[in-house]
1. Wholly within segment 329-376, which strands (runs of 3 or more DSSP E) include no fewer than the required count, namely at least 2 residues that are under 21 Å from the mean Cα position of the chain (by Cα)?
2. Confirm whether residue 446 is surrounded by fewer than 20 Cβ atoms within 10 Å (Cβ to Cβ) and of a type in the set (Val, Ile, Thr).
3. Could you count how many residues in segment 140-149 are touching a helix residue (DSSP H, G or I) at 6+ places or on another chain (Cβ under 9 Å) and open to solvent by 30 Å² or more (accessible area, probe 1.4 Å)?
4. Quick check: is even one residue across segment 424-433 closer than 25 Å to residue 378 by Cα and modelled with pLDDT under 95?
5. The conditions are (1) charged (D, E, K, R); (2) touching a His at 6+ places or on another chain (Cβ under 9 Å); (3) modelled with pLDDT of 50 or more, and residue 499 fails exactly one of them. Which is it?
6. Here are some residues: 381, 425. Which one is touching a helix residue (DSSP H, G or I) at 6+ places or on another chain (Cβ under 9 Å) and of a type in the set (A, V, I, L, M, F, W, C)?
7. From (1) modelled with pLDDT under 85; (2) part of a strand (DSSP E or B); (3) of a type in the set (D, E, K, R), pick out the condition that doesn't hold for residue 509.
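The values are calculated or read from the model by the stated rules, or taken from the named source; none is laboratory data. Just so we're clear, the structure is a prediction, and the values are computed from it rather than from any experiment. Cβ sites come from the backbone with ideal geometry, for glycine too, and all protein chains shown count toward neighbours. The accessibility values were calculated without ligands, DNA or RNA, using every heavy atom of the protein model including side chains. Shrake-Rupley method; radii C 1.70, N 1.55, O 1.52, S 1.80 Å.
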Amino acid sequence: MRGNGELPAETRRNVLKYLGAVAGLGVAGGRAGVDPFAHPVAALQADEDAFESEQRRIESFDGTELDTTFYEPAADGPHPAILMTHGWGGNKTDLQPLASVYASNDFVVLAYTSRGFGQGESTDGSGGEVNSTSELERQDASALIEYLAQQDAVLTDGEDNPRVGMDGTSYGGGIQMRTASVDDRLDSIVPRATWNNLAQALAPNGVIKRGWIEALELGGQSGNIAAENAETTSGVLDRGRMTEADREYYRQRSPVTYDEIEDTPALVIPELTDQLFPINQGVRNFRKLQSDGSRATLLLGQDGTHILGQSDSYPPGSETSRQFVGRIALQWHEAHLKDGDPGVSTLHYYDESADEFMAAEEFPPHPERSATWSVSETAELSGADGNVASADIEIEESTEILGLPSVQLDVTPTGDGRSHLFVALQRVRDGEATTIKDQVTPLAVTEAGEIELDLFGVHTNLAAGDTLRVAMSAREDDLITAAVSSLFGGSLYRPSDDDAGIEIGGDTELQLSVPASRELPAAGTDSGIQVDSGDDGTDGAEETESPEGMESPEETDGTEQTDTDDGGTDTGGTTTSESGPGFGIPAAVGGAGGLGYLLSRRFRRDESAGADE
């Protein structure tokens, strides 16, 4: 982190739970109530008498020492192995609950702290510098696969070829994808809540996820971050946008640029409520794996990983989802590492209204449906007021929506400064509008013309009498329910400048396309676009369901164009924008280690940078 001052360890720990370092791979502990570090496999039982564990420091390919824990089942072997690493900012101790479950089911497990992380905490951590899923991190994983092949307890399929799979969340998922693209000794992978294109995930359609980039920078305090990574992150925050060089840095650490992953069975697990890596990122990984020739299953869960802005309950995930995801992940490795049949469909997805998982043989499970509105008068969206324009369809029969929607409309940037368009699908029931899965898709608008914008993926069940709404604004404020703590800049995205805005052209059309179980009713003749005054917005977002990264064309996946690059549930959900951040981070954290000063200084620089451009 730039500037002076460092977050205390407990504060860093609280930050990490939003990054997937802890929330992705923790476990329900012994204390009462919901543990914010709960992992999807919390419901699965670990038998501490069924295995032994040993701390080991293992030299990687270049002599760098990696901090690991080796779990060996008590049952006679040899056994297949699971290689695991953690989310950004974490360490191997975060993996202990999941590793124990695998070891209790007769897998050897090697859990390790990724290169450069864990230093200066309770352990020595791993040596080297964090290079963010670079080739160094891939070579570490391959060196550990070779180490497993040399262990008597591990089943092998030939010399230096262990029977091995990988499991991990977020950063740990990213390392799996890179390793599988090079090392064909991997027999099975389970990448959870990870990315396909990191440039697009961090700056979808030219609008940076300021809150998330802040959180990632803070989480990096637990590691020895390489200068190139730190400088890239700092530069994006200072400028408030990505340059082409930034974009290339992140793309080179993304599956979108990796070689083919051939014949490596993959259980891809994006989350419907993920604010950092929306399901679009996971869907792209799923499609890549299928295209490359690997067997792949897409499992859309809702476990509560990567939630930055949220209401009072943490985590916002479903216990039903955690249990199901945990069982299927274990079942997947049992089948592919022990010569069985996983017994899964191509698609499984969590239906919050029924609190159960559904199955289908393709994604999306429904065909594309469309609706069109005539825009008779120009609609003005203000960057200062954050007023909302909306177009409605009255639903006549129960309709399920699941997939990646898109909208087409004519827009023009107005005023001076940066003009950002934010679009959300909402469900209106009994007069209350809720943003489906709290998913809001941004776009940097740099010139007038028609746009086709892929929205973040959603799932919802609409009832007869509900209204499906397309809501648009120049700010995210009235489209997202939960406040984002000032610790992370107070917003998920960089908003439009106050003296800028968006004009939706008159005498044009707005078209929505969305995968749905029924045809959408025709928009009424008097149903054009309605524009509010900006004094109030929606009553909130549905539940605390998180945004899934929108899939935009490659040329706009990480930079502003000037630089060249679900449906909601049937339940009510959180509704007021007055609820507090609910982060579980003590209020006193605001001033800890000079953090308040450092962040406020950064945000002032962001504002001035925006004004200059």
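1. The strands (runs of 3 or more DSSP E) meeting that bar are 347-351.
2. yes
3. Residues in segment 140-149 being touching a helix residue (DSSP H, G or I) at 6+ places or on another chain (Cβ under 9 Å) and open to solvent by 30 Å² or more (accessible area, probe 1.4 Å): 0 in total.
4. So far as segment 424-433 goes, yes, one or more of its residues are closer than 25 Å to residue 378 by Cα and modelled with pLDDT under 95.
5. Here residue 499 meets the rest and fails (2).
6. Of the residues listed, the single one that is touching a helix residue (DSSP H, G or I) at 6+ places or on another chain (Cβ under 9 Å) and of a type in the set (A, V, I, L, M, F, W, C) is 425.
7. Going through the list (1) modelled with pLDDT under 85; (2) part of a strand (DSSP E or B); (3) of a type in the set (D, E, K, R), residue 509 breaks only (1).
The rows are residues; the columns are (1) open to solvent by 10 Å² or more (accessible area, probe 1.4 Å); (2) within 16 Å of the chain's Cα centre (by Cα); (3) at positive phi; (4) among the acidic types (Asp, Glu).
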position: 151; (1), (2), (3), (4): yes, no, no, no
position: 158; (1), (2), (3), (4): yes, no, yes, no
position: 165; (1), (2), (3), (4): no, no, no, no
position: 172; (1), (2), (3), (4): no, yes, no, no
position: 184; (1), (2), (3), (4): yes, no, no, yes
position: 200; (1), (2), (3), (4): no, yes, no, no
position: 213; (1), (2), (3), (4): no, yes, no, no
